[in-house]
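Report on the structure given below.
Every number here is computed from the coordinates shown, using simple stated rules; none is lab data. Bear in mind that the values here come from a model prediction, so they are computed numbers and not experimental data. Reconstructed Cβ throughout: ideal geometry from the backbone, glycine too, with neighbour counts over all protein chains shown.
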Amino acid sequence: MEATNTMTFCISCHEMRDTVYQEYKETIHYKNPSGVQATCSDCHVPRPWIYKVVRKIKATNELYHKALGTINTPEKCEARRLHLAERVWESMRATDSRECRNSHEFKSMDLSEQDSYARKRHERALEKGETCIDCHDGIANELPERPVEKDDG
């Protein structure tokens, strides 16, 4: 099971290697001043054993879609990006961004060292009970285009 948590495993299929991995390499989670790197599993796989097993069982659905070729081209991946992102965001909200908190915890933040914008946003998030993904969607993967809503007026 641990072998499936490695970056090598995650990018072993071209669907990930050629799309979201390329995006990730341009983010602070990949390269940053401290040299601390968050890999795919840090953000997408729970650390507690029971939640990890549940996630791995759910991930078998990805094998089905691999066989079908659901996202086997950049165009197909882009067409499904919003759907896939919404599933991840929903899961992260349901767990209070548990995987983010493996590395980032409000209790450990020194808000006084953050720029004024970040400090205000984090203070407000604490007050409102918001979770990481409420503001940080798109932090490691490109945001999907959302359909333009038509004005009925």
- Exposed GluC sites (Glu not before Pro) absent - longest run of the chain, DSSP non-H/G/I/E/B, at most 14 other C-beta within 10 Å: 27-104
- Note on the structure: Lone Cys, the chain, Cβ cut-off 4.7 Å -> C13, C43, C77, C135
- Roughly what would the spin-label model give for D110 and R55, points 7 Å off Cα along C-beta, in nm? 3.0
- Query: Of T6, G69, A140, which is farthest on the positive side of the dipole of the chain, counting Cα position, with +1 on Lys and Arg Cβ, -1 on Asp and Glu Cβ, and the Cα centre as origin?
  - Reply: T6
- Query: Any number yet on Rg/Rh for the chain, C-alpha, Kirkwood?
  - Reply: 0.98
- Message: Checking the table K31/K120; K25/K128; K25/K56 against a 28 Å threshold on Cα-Cα, which pairs fail?
- Response: K25/K128
